[in-house]
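What follows is calculated from the coordinates using simple rules that are stated; it is not laboratory data. Computed from a prediction, not measured in an experiment: that's the story for all the values here. For neighbour counting, all protein chains shown are included, and Cβ atoms are generated from backbone atoms with ideal geometry for every residue, glycine included.
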Number of protein chains: 2
Amino acid sequence: MEKTRAVTARNSPDAARDIPEATVARLPVYLRALTTLSDQGTTTCSSEELAVAAGVNSAKLRKDLSYLGSYGTRGVGYDVEYLRYQIAREIGVTQDWPVVIVGIGNLGQALANYSGFRSRGFRVVALLDADPARRAEAVAGLEVRPFADLEQIVHDHGVAIGVIATPAVAAQDVADRMVACGITSILNFAPIVLSVPDLVDVRKVDLSIELQILAYHEQRKMQGAVTEEVTA
Amino acid sequence: MEKTRAVTARNSPDAARDIPEATVARLPVYLRALTTLSDQGTTTCSSEELAVAAGVNSAKLRKDLSYLGSYGTRGVGYDVEYLRYQIAREIGVTQDWPVVIVGIGNLGQALANYSGFRSRGFRVVALLDADPARRAEAVAGLEVRPFADLEQIVHDHGVAIGVIATPAVAAQDVADRMVACGITSILNFAPIVLSVPDLVDVRKVDLSIELQILAYHEQRKMQGAVTEEVTA
DNA sequence: TCCGTTTTGTTCTCCCGTTCACAAACTCCT
DNA sequence: AGGAGTTTGTGAACGGGAGAACAAAACGGA
């Protein structure tokens, strides 16, 4: 394993180079910016233009792209379509990823209806909820099925990614069941720290945490204003 | 300003010490963990216990807390209630923050109904949408008002934080209007990079980016499996 | 009172990520 | 063909955060 990676790391186009995590997190942003440029009819762009569109420093952008390979032309820039495909392939969104959503409350429904998933290579194959009342009507054209169906669905569709949009109290149970079914990537919206095996990836989105971070800075802005008044 | 900060930085309890951004992002997690512990009836906890509950390293937790002050007791640990209050005060969620949500589609409705905002010091004071059809019925007990009312609402309630849940094409316009009204912190759910003045804070939540990051790692897991089979 | 135990607060070191700066490489124009 | 201009890719310096490790401090028991 180690040896294989060492040999293929530099040159092979499909080698699994180890891309820094910070870079991985920005690749989707670049992809989005390139798609926008492409829609506008732009065929070529410089690192500076793309950096502006992605809201980052151009040197950082170039270094990020250099981890994927040399896809630009010096003195010219990058071919928008070509680069877009290369990034999409590196991320893995040239293929379709089946996804299940568990917890069809307000947030779960919003996620089920979100068109941005489908357009970026993700297909919601099932909606699950433990509450029978929630299963009365279809959401986003899909019936809401009992949570017990999870294993069957994961098996049938080869699901590797699960989304948790349940209340906090239910989230750990759901995660455990997901892991038991073979899901290895979880996007967690519940405000709780999930514990999962090392080989399972978890990313969390906590809406109120984001607001709290903003509040902290907002408070400092106000304190600063007061301090200035006092010292003035 | 510089001088004032230098003088008050170390000792004054309400001084605006500069807390590292990485620490700020974790404080809300600690706050959540402490609330959970408190609800369970725990009155005292060690850094190790709290670290486990927050999903971080205990050394990192202690260092984070040390930026706020010395709120623990050596040999004993931390008083849950006391620490909880100190963190809440540092973040600024002991006071109430009025918030406006613009874009009352699926996601906007979910946000409007999210109880986690209210319970953590945020109060949704208005829902705005440019589409008259959306204003037909109330959402989360609030009427949906025209976007033109933004300035009046911001002025009346002293709103400093705005949430954008519109489609991408509308987001920059909304942000510009928010900034013009005096909003200085924006939580952006639209998949686009907003450009705002330096003194305005923007945090973004992009649902599909999170999935793409998971997809990248998922793809690598699979590649790794294949490589192992080949080399075996 | 004194010693062992526990746990915090902090120092030190290492590593990752960011940014600068520049050589290499490509285009275009003469 | 050659030189001027442009832009990429990357080496190197820099800064910040993570984690180990330890000294300082508090508690409890004898």
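Helix content alone sets the calculated 222 nm mean residue ellipticity of the protein assembly as shown: runs of n ≥ 4 DSSP H residues at -39500 (n - 2.57) each, divided across all residues, give -15000 deg cm²/dmol.
Closest approach of a chain A Cβ to the axis relating A and B (residue, whole Å): A:A110, 2.
What the phi angles of segment A:190-206 give under the Karplus curve with 6.51, -1.76 and 1.60, with θ = phi - 60°, is a coupling list of 6, x, 7, 7, 7, 10, 9, x, 4, 7, 9, 8, 10, 10, 10, 10, 10 Hz, glycine and proline written as x.
Above 21 Å, the calculated P(r) of segment B:97-209 contains 29 percent of its Cα-Cα pairs. Shown here for segment A:52-138: trypsin sites (Lys or Arg not before Pro) in loop regions (DSSP other than H, G, I, E, B) with at most 13 other Cβ atoms within 10 Å, namely A:R74. Among beta bridges identified by DSSP and lying wholly in segment A:81-232, the antiparallel ones come to about 5 percent. With contacts taken as Cα pairs under 8 Å at a separation of at least 6 residues, chain A carries a relative contact order of 12 percent. For A:P197, the distances from its label point to the matching points in the remaining copies are 5.4 nm, ordered from shortest, with each point set 7 Å beyond Cα toward Cβ.
Amide H to amide H distances under 5 Å link B:V202 with B:I186, where only residues 5 or more positions off or on other chains count and H is placed in the peptide plane. Remark: mean inter-chain Cβ contacts per residue of B:120-129 equal 2, using a 10 Å Cβ-Cβ cutoff to other protein chain atoms.
Each peptide among B:99-109, B:155-165, B:35-45, A:204-214 gets the average number of other Cβ atoms lying within 10 Å of its residues, and from highest to lowest they stand as B:99-109, A:204-214, B:155-165, B:35-45.
Taking amide H as placed 1.01 Å from N in the peptide plane, B:F122 has its amide H under 5 Å from the amide H of B:W97, each at least 5 places away in sequence or on another chain.
With label points defined 7 Å past Cα in the direction of Cβ, position A:A136 shows copy-to-copy spacings of 1.9 nm, given to one decimal and shortest first.
Taken over the Cα atoms of the protein assembly as shown, the convex hull encloses 187 Å³ per residue.
Each other copy places its own label point for B:R62 at 4.4 nm from this one, sorted shortest first, where the point lies 7 Å along the Cα-to-beta carbon line. Other protein chain C-beta atoms within 10 Å of residue C-beta, averaged over B:157-164: 2. Relative contact order for segment A:51-154: 19 percent, from Cα pairs under 8 Å spaced at least 6 residues apart, divided by residue count. Structure note, pairs A:K204/B:K221; A:K60/B:K63; A:K60/B:K221; A:K221/B:K60: Cα-Cα distances above 24 angstrom occur for A:K60/B:K63; A:K60/B:K221; A:K221/B:K60. Out of the chymotrypsin sites (Phe, Trp or Tyr not before Pro) in segment B:24-74, which ones are loop residues according to DSSP with at most 16 other C-beta atoms within 10 Å? For chymotrypsin sites (Phe, Trp or Tyr not before Pro) across segment B:24-74 that sit outside H, G, I, E and B with at most 16 neighbouring Cβ atoms in 10 Å, the list reads B:Y67, B:Y71. Panel values: chain B, Kirkwood radius from alpha carbon pairs, Stokes-Einstein at 10 °C and 1.306 mPa s, translational diffusion coefficient 77 µm²/s.
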